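Heads up, the thing below is written out as structure tokens.
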Amino acid sequence: MSSLSSARLRRSIALHLFLTPLALIWLFPLWMMVVFSTMPDNGIFSPGIELLPHGNFVDNFNNLQRDTNFVGAIGISVSVAVTYTFLSVLLTSMAGWALARYQFFGKGVVVGIIFGTITLPYAVVLIPQFIMVARDFQLANTWVALIVPPLFNSLGVLFMRQSFSMMPDDLFDAARVEGVKEWRIFLFVALPLARPMLAALAIILFLASWNNYLWPLLINSQPGSMTAPVALGTLIGLTKVSWGGIMAGAVMLTVPMLIVFVLLQRHFIAGIAAGAVK
Amino acid sequence: MRNRNATAYRFLAPYLLIFSVFWVWPIISSFMISFQATRTVPWRFAPGFNWGRLIGDPAFFNAVKNTLLILVIQVPVMIALAMVMAVLLNSPLLKARGLYRFAFFAPVVVGEVAYSAVFRLMFSLDFGIVNKLLNSIGLPKIDWFSNVTPAMALIMIAVTWRWAGYNAIILLAGMQSIPEDVYEAATLDRVSKLKQFFHITLPLLKPVIVFCLVLSIIGTMQLFTEPFLITERGGPGGGTETLGLLLYRQGFRSLNFGYASAVAYTMAALAIAITLVQLWLTREKQ
């Protein structure tokens with residue numbers, strides 16, 4: 001028995017000896033993001049190796065605010081992400097409910113098309129979306145342009161369909177016998193039961209909107225209408241720019257999400273894993 | 001379940017409306033635009049205009065080559081690494097599991113712009129922390145941005161850092177859904193852990209691995225932000241220009257929507273072809 005446990009101990013040590021350096025390498029870019037954001041620009045571009053935070057974050061942030069209106073951009077990003085998340089959760093759970101609980105004409109086609117879009121690159125719809133929103137609807141540089149076109153997502157609907165179809169029939173049939181309308185059953189019986197799944201979905205959608213770059217870059221390119229990642233992106237590559245400021249912006253985009261991730265890890269992981277595990 | 005056409009479609013209506021306007025129509029429209037000459041207004045139907053140019057365009061072949069090179073090297077390396085992470089995170093011997101999970105999963109929440117900026121700074125020639133660390137252990141500096149090979153390596157490193165944990169989450173969830181008693185039986189029969197991995201975990205996980213591969217292939221096929229921001233618009237000299245970047249340049253810098261649509265359809269065709277080969281290969285072995 002003791003030889004078995006010493007073998008286990010050796011295996012355990014080997015495991016940690018391998019995994020710890022890998023974990024440190026993985027954390028390194030995030031750590032350096034924080035370090036850079038607290039260093040003055042002449043410190044970032046100096047020959048020494050600096051691995052610990054300094055005290056320059058506020059100055060860097062002021063430089064960032066001078067280079068681009070970052071606070072305004074954060075405001076747009078937050079409002080857009082909140083609105084997008086609410087609408088998208090509503091839309092995808094309604095669609096998921098219909099696909100899970102009703103038999104209807106054309107159901108197979110709808111499910112097939114949704115599955116099909118998973119393997120279709122977004123690039124294929126990008127140009128017509130842009131032409132439509134910017135030229136035909138004249139909606140470039142508006143919130144509608146940021147919120148509405150990305151509302152379609154396939155993995156979310158499949159996730160909600162899965163969640164609703166696992167609920168027992170009797171639950172809803174009891175309400176139907178009482179004469180409760182379908183939309184009330186959906187709103188007041190099904191949705192409350194699906195709360196953990198809705199949380200997972202909402203977190204993933206919020207994150208997607210918060211980090212979205214290509215579409216906002218194309219459609220909201222005017223300075224006053226840019227989202228925070230787009231505003232930050234315009235500074236990268238400029239010659240006279242405060243890199244400490246850029247890093248302060250990167251920290252402001254990243255750290256709140258890391259905190260949410262730590263607090264709601266279970267929902268996060270459920271949301272990401274949902275696509276694959278059925 | 002009941003047959004209720006009207007009720008079902010009422011629930012589906014908003015979703016299908018968005019889907020039709022912003023996906024179904026664009027898929028068709030993009031195909032049609034690729035057959036039009038869009039450099040002059042009004043656009044006119046000219047079937048060979050963009051596709052003919054595509055076939056003879058060295059910039060297009062350069063972008064295809066770069067994209068496929070990243071795909072062929074980065075995706076397998078990343079999935080293998082994600083598998084290693086998932087297996088080790090799943091080990092009952094692991095202490096402080098939460099810390100390790102945080103380390104590997106944290107990049108999942110980091111936006112493309114934020115991490116591109118950090119990588120750009122970390123890998124800069126004279127003041128980048130990576131070159132300083134290489135120097136301090138006696139290795140020469142690497143000029144990550146002016147030579148094609150290191151620039152491509154940098155893109156692959158960045159993408160792998162960002163997405164390995166994401167795939168590890170999916171693989172880990174897949175592993176945890178394999179019933180415990182399968183392993184218990186194997187352990188009783190004195191099957192080694194390594195053999196258990198290759199003969200139980202891997203075969204049962206095949207659909208999940210294929211899912212990860214498909215998502216990664218489609219993602220890498222459209223790679224845009226990293227070569228746009230890290231290697232500065234696909235530099236050095238187009239050395240890291242991808243199809244995503246070519247599409248951006250043609251569509252939104254030169255406003256040549258027809259040509260950009262042809263590039264987009266090429267990306268879709270490549271992604272679908274590779275996915276089908278993938279599915280076919282994994283089906284054969286079962």
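The table for this structure:
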item: Cβ-Cβ under 6 Å pairs, at least 6 apart or on other chains, segment A:249-269 side under 23 Å from residue A:230 (Cβ atoms) and facing chain B (nearest Cβ under 9 Å), far side assigned to a helix (DSSP H, G or I) and modelled with pLDDT under 90; result: A:261/A:268
item: Residue ID - farthest from the other protein chains (Cβ to nearest Cβ), chosen from residues in segment B:37-51 that are part of a loop (DSSP other than H, G, I, E, B) and polar (S, T, N, Q); result: B:40
item: Residue match in segment B:152-174 (condition: surrounded by 13 or more Cβ atoms within 10 Å (Cβ to Cβ), farther than 27 Å from residue A:212 by Cβ and modelled with pLDDT of 95 or more); result: yes
item: Residue in segment A:173-188 that is nearest to residue B:169 (Cα to Cα), counting only those that are buried (at least 16 other Cβ atoms within 10 Å of the Cβ) and more than 10 Å from chain B (Cβ to nearest Cβ); result: A:185
item: Positions within segment B:1-36 being at the interface with chain A (Cβ under 7 Å from one of its Cβ atoms) and aliphatic (A, V, I, L, M), in sequence order; result: B:1, B:8, B:12, B:18, B:27, B:33
item: Count - residues of segment B:35-69 that are at pLDDT 90 or above and among the aromatic types (Phe, Trp, Tyr); result: 4
item: Meets criteria (modelled with pLDDT under 90, more than 30 Å from residue B:124 (Cβ to Cβ) and either part of a helix (DSSP H, G or I) or basic (Lys, Arg) (or both)) for residue A:266; result: yes
item: The listed residue being more than 9 Å from chain B (Cβ to nearest Cβ) and of a type in the set (A, V, I, L, M), out of A:39, A:33; result: A:39
item: Elements of type helices (runs of 4 or more DSSP H) in segment B:59-171, at least 1 residues being touching a residue at least 60 places away in the same chain (Cβ under 8 Å) and of a type in the set (Asp, Glu); result: B:112-122
item: Residue within segment A:121-133 that is free of Cβ contacts under 8 Å to residues at least 60 places away in the same chain and away from chain B (no Cβ under 11 Å) present; result: no
item: From the options B:74, B:36, residue that is of a type in the set (S, T, N, Q) and in contact with a strand residue (DSSP E or B) (Cβ under 7 Å, 6 or more places away or on another chain); result: B:36
item: Condition broken by residue B:257, with the remaining ones in (1) over 30 Å from residue B:117 (Cα atoms); (2) touching a residue at least 40 places away in the same chain (Cβ under 8 Å); (3) within 8 Å of another protein chain (Cβ to nearest Cβ); (4) not basic (Lys, Arg) satisfied; result: (1)
item: Count of residues meeting criterion [among the charged types (D, E, K, R) and under 30 Å from residue B:235 (Cα atoms)] in segment B:148-201; result: 1
item: Hey, residue A:141 touching a Ser or Thr at 6+ places or on another chain (Cβ under 7 Å) and surrounded by fewer than 19 Cβ atoms within 10 Å (Cβ to Cβ) or not; result: yes
item: Entirely in segment A:159-229, the helices (runs of 4 or more DSSP H) that have 1 or more residues that are free of Cβ contacts under 8 Å to residues at least 12 places away in the same chain; result: A:169-177, A:182-185, A:195-211
item: Restricting segment A:228-243 to residues that are more than 10 Å from chain B (Cβ to nearest Cβ) and more than 22 Å from residue B:234 (Cβ to Cβ), the residue that is surrounded by the fewest Cβ atoms within 10 Å (Cβ to Cβ); result: A:240
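The values are calculated or read from the model by the stated rules, or taken from the named source; none is laboratory data. Please read these numbers as outputs of a predicted model, since none were measured by experiment. Note that we place each Cβ from the backbone using ideal geometry, even for glycine, and neighbour counts take in every protein chain shown.
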